[in-house]
Structure formats: C-alpha cells, structure tokens
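Before any comments, here is the structure.
The values are calculated or read from the model by the stated rules, or taken from the named source; none is laboratory data. If you're wondering where the values come from, they're calculated on a predicted model, not measured in any experiment. All Cβ positions, even for glycine, are placed from backbone atoms using ideal geometry, and neighbour counts span all protein chains on display. We work out accessible area using only protein heavy atoms, side chains counted, and drop any ligands, DNA or RNA first. Shrake-Rupley method; radii C 1.70, N 1.55, O 1.52, S 1.80 Å.
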Amino acid sequence: MPYKAYPPPGTPPGTLVRAPERAVVPSRLRLIRYDPIELEELSEATVADCQSLTERGSVLWVHLEGLGNFELLQELGHLLQLHPLALEDVAEGRALTKVEDYDTFLFILTRMMHGDAKLSSEQISLFLGPQFLLSGCKIGGN
C-alpha cells in the first residue's frame, strides 16, 4: 500500500508534505505571456518574472516542472491566489482525478499515462483562471 504523506497532528490544512519514497525532481518554471499583439517566452523564469508579467494584463501560462522546491509552489499559489488545499493535492501527488470549481479558478487534477517496457503515469495539475494557466507535471513517483 502506498505511503500517504500526512503532516503531523495539529498542522494547518494545506501544509505541503513530501512522501519519503517520492523522487525529488528539481523545480523549473517556464512562462509564456501573450495577448493579441505579442508573445513573450521565458524558459528559465522566477516568481518575480511571473508577477511582473501578470501585471501587464495579458494571458500568462506558467508551467512548473518538478516539485523539488515546495516554496516555489507556495509562492506561485500566493501570487495567483490559489487555494492551499488544492496546492496540497498537487504536492501529495497521488490524488484521484478530479475537477474543482473555485470562485476565481478551475482546478483540474489528472494523470498522464506513458510507457515503454513498463506502463507508468505522472500527475498533471492545471489551475485555470481568467488571465492565467498554471500547469505542473513530473513530480516523481508513479
């Protein structure tokens, strides 16, 4: 039976905890900002880049690959005003496929299947807001 990463008793809801057997995949941010006139892409971005681009009023696609840095996920959650329990589902990495409609964004959690000699899957997380898409994958484990 897979290990469920529960925080210690008394920990506030939304606390991000990594299961001990989960591989740590380094975090990497990629940004694409676009509007009807122009497109801008940053392949190695920071949360500060996200903030400056969200202030321009165009659409921002933020792709987070790997969760080796939970602080980065929390900073993105704060910037985009994402619910801490949705972030907890992303960090846990083994939540069931679901769609949750929050007031300011839609949260989609699913799995992408792939395989060569062996079938495996990885969790794909999507936060869709009126001016942004935050996607995340390759969090380690199956």
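Overview of results
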item	result
Hey, R33 farther than 25 Å from R111 by Cα and modelled with pLDDT of 75 or more or not	yes
Out of L106, L79, sole residue that is in contact with a Ser or Thr (Cβ under 8 Å, 6 or more places away or on another chain), among the aliphatic types (A, V, I, L, M) and either modelled with pLDDT under 85 or open to solvent by less than 80 Å² (accessible area, probe 1.4 Å) (or both)	L79
Selection status of A86, under 20 Å from R28 (Cβ atoms), among the small types (G, A, S) and either open to solvent by 60 Å² or more (accessible area, probe 1.4 Å) or at pLDDT 90 or above (or both)	no
Members of the range 55-67 found to be open to solvent by 30 Å² or more (accessible area, probe 1.4 Å) and over 9 Å from the mean Cα position of the chain (by Cα), listed by number	E55, R56, G57, V59, W61
